[in-house]
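Undergrad: Mind having a look at this structure? Questions to follow.
The values are calculated or read from the model by the stated rules, or taken from the named source; none is laboratory data. Fair warning: this is a prediction, and the values are worked out from it, not measured in the lab. Cβ sites come from the backbone with ideal geometry, for glycine too, and all protein chains shown count toward neighbours.
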Amino acid sequence: MDAFLLIGFFILVFIGIPIGLGLLFYFVPKKLGYPKTAKYLTIAYGLFVLTIGLYVAFEDQLFTKHNVKELVEEQDIKLTDDFELVKNESMSAIGDYYHTFTLKITERDRQNAITKIKSADNFKTSNGSIETLMYQPAPGRYFGKKVIQNYETENSFVREYFEPIGQEGYAPTLRRISISKKTNELTFEDIDE
């Protein structure tokens, strides 16, 4: 029964409300004596809804190298050479968002990133105690300070960035960059749960 309610809610929100607004944009100006305005408002609104729908449907295909550089450099990892976007995926559900991409980078960029991670003051080797930032207890999860941790695992060098939003119930920002020890691959993950 709950599944039917959820489906009904989605139909109402994503289909019913946009159609209702479109009808409102058409009939109100038409009843007020402005049929051309009603027609133009409805066409503009329809194009706006179509654009939003297409953007959501093709979000992964519209992801560019410029977007990649911004996300990676946000964690102070510089990509100076050209790179190839090997994989890009994003998934979302109510309250959750997950975005990951994998890059094929040059050996020089790989070594620079590894050096940046290893030279951090809080760098921990694979036998060190690494805190799982994603599962912080409630007070620090929502109102704590920004945390950046650098560590080494068996297969990669990792930089994690964790920042609470500052409001109870809102998912904090958790971004992870992993640089492979064996290949010239950089993997970025953005997890909001």
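Undergrad: Considering only region 79-93, state which residues are in contact with a strand residue (DSSP E or B) (Cβ under 8 Å, 6 or more places away or on another chain), of a type in the set (A, V, I, L, M, F, W, C) and outside any loop (DSSP other than H, G, I, E, B).
TA: Within region 79-93, LEU85, VAL86, MET91 qualify.
Undergrad: A follow-up question, please. Is it the case that some residue within region 99-107 is more than 24 Å from the chain's Cα centre (by Cα), at pLDDT 90 or above, in the same structural domain as ILE77 (by TED's automatic domain parsing) and under 18 Å from ASN184 (Cα atoms)?
TA: Checking region 99-107: at least one residue is more than 24 Å from the chain's Cα centre (by Cα), at pLDDT 90 or above, in the same structural domain as ILE77 (by TED's automatic domain parsing) and under 18 Å from ASN184 (Cα atoms).
Undergrad: Among the residues of region 165-189, what is the count of those that are crowded, with 20+ Cβ neighbours inside 10 Å and either in a loop (DSSP other than H, G, I, E, B) or outside the structural domain of ASN88 (by TED's automatic domain parsing) (or both)?
TA: Looking only at that region, the number is 1.
Undergrad: Test ASP82 against the stated conditions and say whether it is modelled with pLDDT of 85 or more, exposed (fewer than 11 other Cβ atoms within 10 Å of the Cβ) and assigned by TED's automatic domain parsing to the domain that holds ASN112.
TA: So ASP82 passes the test.
Undergrad: Can you pull out the residues in region 22-38 that are in a helix (DSSP H, G or I), more than 15 Å from ILE52 (Cα to Cα) and of a type outside the set (Ser, Thr, Tyr)?
TA: LEU23, LEU24, PHE25, PHE27, VAL28, PRO29, LYS30, LYS31, PRO35, LYS36, ALA38, listed by residue number.
Yes/no matrix, rows are residues, columns are (1) closer than 19 Å to GLU152 by Cα; (2) touching a residue at least 40 places away in the same chain (Cβ under 8 Å):
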position	(1), (2)
LYS39	no, no
ALA57	no, no
GLU74	no, yes
VAL86	no, yes
ALA113	yes, yes
SER119	yes, no
PHE123	yes, no
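Undergrad: Can you list residue pairs whose Cβ atoms sit under 7 Å apart, with the first residue in region 9-25 being modelled with pLDDT under 80 and the second being in a helix (DSSP H, G or I)? Count only pairs 6 or more apart in sequence or on different chains.
TA: Within 7 Å, no pair qualifies.
Undergrad: Applying the selection to region 141-185, what residues are closer than 13 Å to ILE117 by Cα and either small (Gly, Ala, Ser) or in contact with an Asp or Glu (Cβ under 6 Å, 6 or more places away or on another chain) (or both)?
TA: Hits for region 141-185 are GLN149, SER156, ARG176, SER178, SER180.
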